[in-house]
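Read-outs throughout are calculated quantities, based only on the coordinates presented, and are distinct from any laboratory measurement. None of these values were measured; they are calculated from a predicted model. Quick reminder, even Gly has a Cβ in these numbers, built from the backbone with ideal geometry, and neighbours come from all protein chains shown.
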Amino acid sequence: MCSAAMVDLSGHLAKHMAAHILAMNLFAPVLAYLWHRTRREAPPLPFGVAAATGLQLAVLWAWHVPAAFASASTQPLIGAAMHLSLFLTALLFWRAVLHAASVSPWRSIAALLVTGKLFCLLGVLLVFSPRPLYEPMGHPSSTSVGSLLADQQAAGLLMLIFCPLTYVLGGILIVRRWIIVDEQNASRLFERLRP
C-alpha cells in the first residue's frame, strides 16, 4: 500500500488524473459559474440536472474502462476525444447544477452527492486494487508491476482528495445561497404581514 510520504505523482496515470481533475473540477465549474453569472437571461438548459449527472458519470466510467483508457493513451486523436468529452460533460454538469440551484436547490445537492460518491468509488478502486488495472504505456517491458500499482494508487489518491473537495464545496455554497434566499423571503413575508 502507498503512504502519503511515498506518493509519486510523476507517473503516466497520475499525470493523466491530474489533468482530468483540473479540467473537470476546476476549469469546468469556474467556466460554468462565469457563464451563469453573466447570462442570467439565458434560456433554460434542454435537459435536467439528472440527465447531466448521468451523462457525466457514463462518460467518465466509459473512458476509464481499461480497453478505452489504453486506446486513449496510445492514440493521440482518441486521447484528445477523451479529454474533450470529459471536459464538455463536466461543463454541462456544472451548468445544470447551477441552473437547478436557482430553481430547485435540493436537486443540485443530490447531483453533487451522487457524482461525488461515484467519482470517489473510482478513486477507491484505483487505490485499493491489488493489481494494476491499466496496461503500461510507452515501453511496457521497462515498467514493473510495482511502479504501475504505485502510479495507479497515486492517481486514485488524487481523485479521493480533490474530487470530494469540489463537490462538497459546491454543495456548501448552494446550501448557503438557499438559506440566504429563504431568509430574505421570510423577511419580506414578515414585513408584509406586520400591521
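Could you tell me the relative contact order of the stretch 24-129? Use alpha-carbon pairs under 8 Å, at least six residues apart, and round to a whole percent.
40 percent
For the chain, what are the DSSP H helices with axial Cα length of 27 Å or more and mean Kyte-Doolittle hydropathy of at least -0.5?
Membrane-span-like by this criterion, though nothing is claimed about a membrane: 76-103, 105-128, 145-193.
What number, in percent, do you get for the relative contact order of the chain if the mean sequence gap of Cα pairs under 8 Å and at least 6 apart is divided by its residue count? Don't skip to the end; give the middle numbers.
On the way: 197 pairs, mean separation 62.3, N = 195.
With pairs under 8 Å counted, the relative contact order is 32 percent.
Compare the peptides 148-154, 99-105 by average per-residue count of other Cβ atoms within 10 angstrom and give them in order, highest first.
Ranking the peptides 148-154, 99-105 by packing returns 148-154, 99-105.
Calculate, in whole percent, how much of the Cα-Cα pair population of the chain lies beyond 26 Å.
Values: 7603 of 18915 pairs.
Beyond 26 Å sits 40 percent of the P(r) for the chain.
Which Cα, out of Leu13, Val103, Leu57, lies furthest along the positive dipole direction of the chain (beta carbon charges, K/R +1, D/E -1)?
Val103
When the helix-only estimate is applied to the chain (DSSP H runs of n ≥ 4, each -39,500 (n - 2.57), divided by the residue count), what is the mean residue ellipticity at 222 nm, nearest 500 deg cm²/dmol?
-26000 deg cm²/dmol, from helical runs alone.
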